[in-house]
Amino acid sequence: MCGIMGYVGPRPAAPILVDGLRRLEYRGYDSAGIAVANGTIAVRKAEGKLDRLVEVLAEDPVEGTVGIGHTRWATHGPPSDRNAHPHADPSGAIVVVHNGIIENFHRLRDELAAEGAEFASETDSEVLAHLIARYYDGDLVAAVRRAAAVAEGAYALVAMAEQEPGRIVAIRRISPLVVGLGDGENFLASDIPALLHRTRDFLVVEDGELVVVEAEAVRLETIEGATVDRTPFRAEWDAEQAEKGGYDHFMAKEIHEQPTVITETLGGRLDGHRVHLEDVRLSEDDLRKIDTIWITACGTALHAGLVGREVFRRLLRIPTRVEYAHEFRYQEPLVRPGDLAVAISQSGETADTLAAARLARGLGARVLAITNVVGSTLSRDADDVLYTRAGPEISVASTKAYTAMLVAEYLLALLLGTARGDLDAEAADRLARGLEHLPDLVDRTLRREDEAVAAARRLVDADDVYFIGRGLDHAVAMEGSLKLKEISYLHSEAMPAGELKHGTLALVTEGVPVVVVATQRHLYDKTLSAVQEVKARGAFVVAVAYDADDEIDRFADVVLRIPDGEDLLAPVTAIVPLQLLAYHVARLRGHDIDQPRNLAKSVTVE
Ligand code: G6P
């Protein structure tokens, strides 16, 4: 996720672009840059927060009234001056900014390199500048259109050409883009809040559309060239609401971003059932040597690890352990040379997780990081890195980073399973197809938010809530329980459904809420016996179950439905109603949802 800006008008472009980028910084902040046309196109960019760019501009200003800008959240290539946007073709006559992923960029880059092109960065985005320049013969729209025809993926692109100084041209393929309509000037941005203080009149560029922005005119068409006639709309949001994309809290916004985040995390990495993970370089010899996989993490990342353990065990047949990083580092763990340590961390900066990874490495393990932050300490310490592409997560209670971690684990299992020969082609295909369906399944689950709201009303005055499940459902129950306690401050515990009768059942009395996750068909009857045990004690049962499950209604007081799907992938959909449940309970209780008491987004001390 990155933020993009554009301006065409009579005023100096640089301050307008920088101001817009500041409002888009939540979308990424590892580097930033602008390009302004004034005869030639001048580019200024810098690694680091936006203030670094401001310093660069103070030392070396740019003049001109047409320009584009970008604030980056790295996906291809670590944060650096040269990987910062804008990117230009070698002549500097075509300049682009880009948000999203060009899935076939390796192939495009190889083709361009074979023709002699030299690249100044490691990004997928630079390929677009080269492509547009290759097709350019005085008509930027035509060249952008041709580049879009070959560049696959979900992205938004804004381009300018030295020979056409009065216009910028942009396309949208899934990644968001809006035009702000001014008086004798027009703006482009990744979202409406970046422009709300400039105008209230907007044209939303829809998926598959191209827009030509000039000072006095905006022309919208499809990427293929058909005319689009759209009436502008007037935004009535206040600024704070707008920053949260119209949601009341970042947590809600991030929960609803999950279909996109899953799409981005999968983007360009699946080809049939073949997986391409560019920063994972385990050789066949490395794979053979793995005796045990050690997953180390904390908090929500650890809960993602619980899902990973089950997935690795089932698909790879490799013994897999999940260890709290803070325990592992003092345990003298029995790691053997050649083992694989998978360190999971959204921030890549959690002190205990970093220490655990270093310990495992010292014992001879190969360390693979799953992290959301390119260039984070963990990503630099690790031998291999698998980036989730969730974009910046602002809410302390993690949601979209968790689902992105799960998707990363499935991709890893698919990669290792096919490379080691543990997974036959049919099973691999099935998993790959299932992964591709996930954005749709999560989207459909999100549409049933009213069910979570109704359940939340029933839980809001509870003192204690218990979460149960078996196998993968237990992993989901752990994360659902954590979400609830983090932001609602209700006491909540999760346990394997079979463990309940060994103690906790003593606490289940009339009206005590028990949330059961029941998606694993091979364990379903066993899970239901536990439900019957709590029901017999008067528990108020909330169940997470598939649409096709017509038995559950007989036992549960409230059912949170998810679409039918593969059991192995169910954690990705099953967590969604539980995130919504936690959110709505906390909301009804009037808590500070995005910044719960006593907690921090990233714990960088022991
Ligand atoms: C903190 C956060 C949790 C997070 C955990 C691990 O406790 O509040 O939401 O899961 O750290 O963070 P990491 O960045 O390593 O995933």
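The values are calculated or read from the model by the stated rules, or taken from the named source; none is laboratory data. Bear in mind that the values here come from a model prediction, so they are computed numbers and not experimental data. Please note: Cβ atoms are built from the backbone with ideal geometry, for glycine as well, and neighbour counts cover all protein chains shown. To get the accessible areas, we keep the full protein, side chains included, count just its heavy atoms, and leave off ligands, DNA and RNA. Shrake-Rupley method; radii C 1.70, N 1.55, O 1.52, S 1.80 Å.
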Query raised in the report: Can you give the calculated 222 nm mean residue ellipticity of the chain, where each DSSP H run of n ≥ 4 adds -39,500 (n - 2.57) and the sum is split over every residue, rounded to the nearest 500 deg cm²/dmol?
Result: -11500 deg cm²/dmol
Query - Cβ-placed point charges (K, R +1; D, E -1), dipole of the chain about Cα centre in debye, nearest 20 - result: 1000 debye
Report task. Using only Cα atoms, tell me the angle between helix 105-114 and the longest principal axis of the chain; keep it within 0 to 90° and round to the nearest 10. Result -> 40 degrees
Report task. Specify the angular offset, from 0 to 90 degrees and rounded to the nearest 10, of the alpha carbon long axis of helix 13-24 from the longest principal axis of the alpha carbons in the chain. Result -> 10 degrees
Query raised in the report: If one takes the longest principal axis of the Cα atoms in the chain, at what angle in degrees, from 0 to 90 and to the nearest 10, does the Cα axis of helix 425-446 lie?
Result: 80 degrees
Report task. Averaging sequence separations of C-alpha pairs under 8 Å and six or more residues apart, then dividing by the length of the stretch 152-244, give the relative contact order as a whole percent. Result -> 25 percent
Query - Signed unit charges on C-beta, dipole axis of the chain, positive-most listed residue 569, 298, 7 - result: 298
Query - Sparsely packed trypsin sites (Lys or Arg not before Pro) within the stretch 420-462, loop by DSSP, other Cβ within 10 Å at most 10 - result: 447
Query raised in the report: Considering the dipole of the chain built from charges on the beta carbon (Lys and Arg +1, Asp and Glu -1) around the Cα centre, which of 148, 99, 182 is farthest to its positive end?
Result: 99
Report summary line: Filtering trypsin sites (Lys or Arg not before Pro) in the stretch 89-166 by DSSP loop and by at most 11 other Cβ atoms within 10 Å leaves none
Report summary line: Among 253/526; 289/526; 483/535; 45/400, the pairs whose Cα-Cα distance exceeds 26 Å are 253/526; 289/526; 45/400
Report task. Please calculate how many Å² of accessible area the stretch 87-145 carries per residue, with a 1.4 Å probe and no DNA, RNA or ligand atoms counted. Result -> 36 Å²
**Report entry** Relative contact order, percent, the stretch 448-588 [alpha-carbon distance under 8 Å, six or more residues apart]
**Finding:** 32 percent
Query raised in the report: Rounded, prolate or oblate: which fits the stretch 251-434, taking a ≥ b ≥ c as square roots of the Cα gyration tensor eigenvalues, rounded meaning a/c under 1.5, else prolate when a/b beats b/c?
Result: oblate
Query raised in the report: By the gyration tensor of its Cα atoms, with a ≥ b ≥ c the square roots of the eigenvalues, what is the shape of the stretch 448-588: rounded for a/c under 1.5, prolate for a/b over b/c, or oblate?
Result: rounded
**Report entry** Per residue accessible area in Å² of the stretch 448-588, where ligands, DNA and RNA are left out and the probe is 1.4 Å
**Finding:** 35 Å²
**Report entry** Mean Cβ count within 10 Å, highest first, over the residues of peptides 506-517, 333-344
**Finding:** 333-344, 506-517
Query raised in the report: How large, in percent, is the carbon and sulfur part of the accessible surface of the chain at a probe radius of 1.4 Å?
Result: 46 percent
Query - Descending semi-axes in Å of the chain, equivalent ellipsoid built from Cα gyration tensor - result: 44, 28, 21
Query - Selection of trypsin sites (Lys or Arg not before Pro), the stretch 315-406, meeting DSSP coil and at most 16 other Cβ within 10 Å - result: 317
Report summary line: Quick note, the stretch 3-242: a/c under 1.5 would make it rounded; otherwise a/b > b/c is prolate and the rest oblate (a ≥ b ≥ c, C-alpha gyration tensor); here it is rounded
**Report entry** Whole-angstrom gap from the stretch 348-380 to the stretch 41-58, using each part's C-alpha centre
**Finding:** 30 Å
Query raised in the report: What whole-number value in Å² describes the accessible area per residue of the stretch 275-350 for a 1.4 Å probe?
Result: 44 Å²
